[in-house]
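Everything below concerns the one structure shown next.
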Amino acid sequence: GAVVSQHPSWVICKSGTSVKIECRSLDFQATTMFWYRQFPKQSLMLMATSNEGSKATYEQGVEKDKFLINHASLTLSTLTVTSAHPEDSSFYICSAPRAGSYNEQFFGPGTRLTVL
Amino acid sequence: AQRVTQPEKLLSVFKGAPVELKCNYSYSGSPELFWYVQYSRQRLQLLLRHISRESIKGFTADLNKGETSFHLKKPFAQEEDSAMYYCALKPSNAGNMLTFGGGTRLMVKP
C-alpha cells in the first residue's frame, strides 16, 4: 500500500523558535496534502490544505503566518510552526490522497511537538 | 458546513458481543462517508467506505440518508478490534478534504 512519512516523529523546542515538519509521499505523487492537528484524546482537526504549485488553503481560525505551508514538490509538503509557543504543543498529522478510483487518503504517523 | 458526530467517546464490550459504533452527520449535499481506525501506536488507516459497500475485518456500515447516519457494526467483537475509530465525511464539492468525528475508543474485553 501507499506510504506517507513524516519527519521528525517528535520534536521538543524552546518557546519562540520555529519548527519545520516534513510530510512525504514515498511511492506516489500528491498534488494535494492535508495537515491536521490532534490534541490529546481529541479528534483530528483540519488545519490546511497544501497545494503543489500554489498557496495553501487554511481553515477558519488557523493563522497562515503562524503555520507556514510549502508544497515544494509532488511528494513533499512542509509545515513550519513559526515562533512556537507552549499552546502550539500538539500532534501534527499529514495525509495525502493517492489518485485512483477512490482517491484514498493515506496518513503519516504524526509528529509530536512539545514547546517548552 | 458539514459536521460529523460520534456520540460515544468510549465503548466497552466483551469478546464475542455485538458492536455498534454510532456516527451521525449533517451535510446538505451527497457526502461520501468513511470509517478510519487507529490501533495503538499506529497511524490512522482506512477501514471502509460507504461507496464500496464492503465488509472489512467483519465490520460493515450502511449509509442511512434518512437518518443521516453511518453506524459501524460487527456481530462478534474480537480483542484485536480494540482501537480508536473515527467516522469521516467528504463533501461532494470539496476535493479530498475530510471532516472527522470526535472518535470512539472501542475496548474489547476478554
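Answer with yes or no whether A:A72 is aliphatic (A, V, I, L, M) and not in a strand (DSSP E or B). No: the conditions fail for A:A72.
When A:S18 is tested against (1) touching a strand residue (DSSP E or B) at 6+ places or on another chain (Cβ under 7 Å); (2) closer than 28 Å to B:P31 by Cα, just one condition goes unmet, and that condition is (2). For beta carbons closer than 8 Å, sequence separation of 6+ or different chains, a first residue in region B:86-105 that is within 15 Å of B:H50 (Cα to Cα) and more than 7 Å from every other protein chain (Cβ to nearest Cβ) and a second that is β-branched (V, I, T) and open to solvent by 20 Å² or more (accessible area, probe 1.4 Å), the qualifying pairs are B:A88/B:T99; B:L89/B:T99; B:K90/B:T99; B:P91/B:T99.
Among the residues of region A:24-36, at least one is touching a Leu at 6+ places or on another chain (Cβ under 6 Å) and either farther than 27 Å from B:Q2 by Cβ or part of a loop (DSSP other than H, G, I, E, B) (or both). The single residue among B:K109, B:K57 that is in contact (Cβ under 8 Å) with a residue 24 or more places away in the chain, surrounded by fewer than 16 Cβ atoms within 10 Å (Cβ to Cβ), on the phi > 0 side of the Ramachandran plot and not acidic (D, E) turns out to be B:K57.
Criterion first (open to solvent by less than 30 Å² (accessible area, probe 1.4 Å) and away from chain A (no Cβ under 11 Å)) does B:K74 satisfy it? Yes, satisfied.
Against the test of being open to solvent by less than 30 Å² (accessible area, probe 1.4 Å), under 28 Å from A:K14 (Cα atoms), assigned to a loop (DSSP other than H, G, I, E, B) and touching a Leu at 6+ places or on another chain (Cβ under 9 Å), the options A:A84, A:A48 yield a single qualifying residue, A:A84.
The values are calculated or read from the model by the stated rules, or taken from the named source; none is laboratory data. What you see is a predicted model; the values in this text were computed from it and never measured. Positions of Cβ are backbone-derived with ideal geometry, glycine not excepted, and every protein chain shown enters the neighbour counts. The accessibility values were calculated without ligands, DNA or RNA, using every heavy atom of the protein model including side chains. Shrake-Rupley method; radii C 1.70, N 1.55, O 1.52, S 1.80 Å.
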